[in-house]
Amino acid sequence: MAAAKKARKSGTSGKSGKTPPSPDPSRPSLKDPDYFDELEDRGMSEQKAARISNAAAREGKKKVGERGGKAENLPDRTVPELRQRAKELGLSGYSKLRKDELIDLIRNS
């Protein structure tokens, strides 16, 4: 993986300083290779890291970061809502858990 990162970082075209399209069609074309590497180091897949880094290069990191989910906080949900969420996630053994145990199960699965 380190060799691929070096190859991506070294490839710039002339005066513009932008990364040229990737010669390997199976690899994504990157607009911000450094941010891509940072996201990939955080454990994101190549596709997800490329999608986010390209959107950040196009629109700015702040605007992309504001797109996050609008889900209600788990502690603010009722026990039936937490059980429904556990069911959606395909978890088992949640029917007799207390609220704090349900929250822990959902967060750590």
Legend entry - FRET efficiency, Glu66 to Glu101 (Cβ-Cβ, R0 25 Å, nearest 0.05): 0.15
Inset, instruction - From largest accessible area down, sort Ser29, Ser53; use a 1.4 Å probe on the protein chains. - result: Ser29, Ser53
Inset, instruction - Would you rank Leu97, Leu82 by solvent-accessible area, highest first, keeping every protein chain in place and using a 1.4 Å probe? - result: Leu97, Leu82
Legend entry - J(HN,Hα) series, segment 75-82, from Karplus relation 6.51 cos²θ - 1.76 cosθ + 1.60, nearest Hz, glycine and proline x: x, 7, 7, 7, 4, x, 5, 5
Legend entry - Taking segment 26-109 and dividing mean pair separation by its residue count, relative contact order in percent (alpha carbons under 8 Å, at least six apart): 20
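The values are calculated or read from the model by the stated rules, or taken from the named source; none is laboratory data. Only a predicted model underlies this, so the values are computations on that prediction, with no experimental measurement involved. Quick reminder, even Gly has a Cβ in these numbers, built from the backbone with ideal geometry, and neighbours come from all protein chains shown. For the accessible areas, the whole protein counts, side chains as well, though only heavy atoms, and no ligand, DNA or RNA atoms are used. Shrake-Rupley method; radii C 1.70, N 1.55, O 1.52, S 1.80 Å.
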